[in-house]
Amino acid sequence: MMSKRIMAGAGKPASADATTTTRDPAGLLENKLEQLNSLLWCFYGAGDGWFQDAGEAHRENLLWIASDLAREAVALFQENGGAR
């Protein structure tokens, strides 16, 4: 039995705050952190071991995505003035 392929929807601010736009660094940071959290949950949060079974090439690509998201989140944090 083949599983259905899940496609991501259009990007949108993670919060329900209507004043957050896609150009707002704080809103973009929130989005990146939500994406990173979901990606990392898939690695280990489900506990079903699919990450280990994915194969080396897929694991490397997933870790590359996580690294990119983390790097983008740091840049957005710094753009937003860092810790205040």
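The values are calculated or read from the model by the stated rules, or taken from the named source; none is laboratory data. What you see is a predicted model, and the numbers here were worked out from it, not measured in a lab. Don't worry about glycine lacking a Cβ; one is built from the backbone with ideal geometry, like all the others, and counts go over all protein chains shown. These accessible areas exclude ligands, DNA and RNA; they are computed on the full protein's heavy atoms, side chains included. Shrake-Rupley method; radii C 1.70, N 1.55, O 1.52, S 1.80 Å.
Please count how many residues of the stretch 26-49 are farther than 20 Å from Ser67 by Cβ and assigned to a helix (DSSP H, G or I).
Within the stretch 26-49, residues that are farther than 20 Å from Ser67 by Cβ and assigned to a helix (DSSP H, G or I) number 2.
Which numbered condition trips up Gln52, out of (1) open to solvent by less than 80 Å² (accessible area, probe 1.4 Å); (2) part of a helix (DSSP H, G or I)?
Unmet condition: (1).
Of these, Leu33, Leu28, Leu40, Leu69, which one is open to solvent by 50 Å² or more (accessible area, probe 1.4 Å), at pLDDT 90 or above, at negative phi and out of contact with any Gly (no Cβ under 6 Å at 6 or more places or on another chain)?
Matching residue, one of Leu33, Leu28, Leu40, Leu69: Leu33.
Which numbered condition in (1) at pLDDT 90 or above; (2) of a type outside the set (S, T, N, Q); (3) not in a helix (DSSP H, G or I) is the only one that Glu60 fails?
(3)
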